[in-house]
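Notes to accompany the following structure.
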């Protein structure tokens with residue numbers, strides 16, 4: 001499945017997806033563009049038939065006690081296309097990038113407004129440490 005980094009021309013499609021996440025979302029193209037230019041933020045998009053149909057965001061922060069930590073949120077797939085393999089591909093790409101960057105942990109935003117993907121057990125060297133945190137296998 002074609003998953004790539006988001007580009008400025010994807011802003012309109014991302015706003016459409018964010019309305020699926022939260023019906024009260026107010027379009028904010030400036031915030032999306034700012035996140036695309038933020039070095040610690042990787043916005044991924046899933047394309048099908050040349051159209052952006054899903055997204056996930058990996059943000060990386062440093063912790064003085066734990067090293068680099070990844071945070072995955074804004075996992076959204078167009079409602080008509082929600083299939084486990086799309087969720088899994090988006091998450092796998094986040095795991096892959098987090099591992100390449102050197103993250104020791106990945107945590108997830110599990111807001112009640114979001115449709116949660118299938119829960120990963122063990123993926124690409126990360127294992128479930130708590131209910132919403134994955135830790136890199138030593």
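A short reminder: the numbers here are calculations on the coordinates, not readings from a lab. The shown structure was predicted, so the numbers you read here are calculated from the model rather than taken from an experiment. As a convention, Cβ positions derive from the backbone with ideal geometry for all residues, glycine included, and neighbour counts pool all protein chains shown.
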How far apart, in nanometres, would the label points at residue 101 and residue 38 be if each is projected 7 angstrom from Cα along the Cα-to-Cβ direction? 1.0 nm
Evaluate E = 1/(1 + (r/R0)^6) for residue 7 and residue 48, where r is the Cβ-Cβ distance and R0 equals 22 Å; express this FRET efficiency to the nearest 0.05. 0.85
With a ≥ b ≥ c from the Cα gyration tensor eigenvalues, square-rooted, and the rule rounded for a/c under 1.5, otherwise prolate when a/b > b/c and oblate otherwise, segment 1-83 is prolate
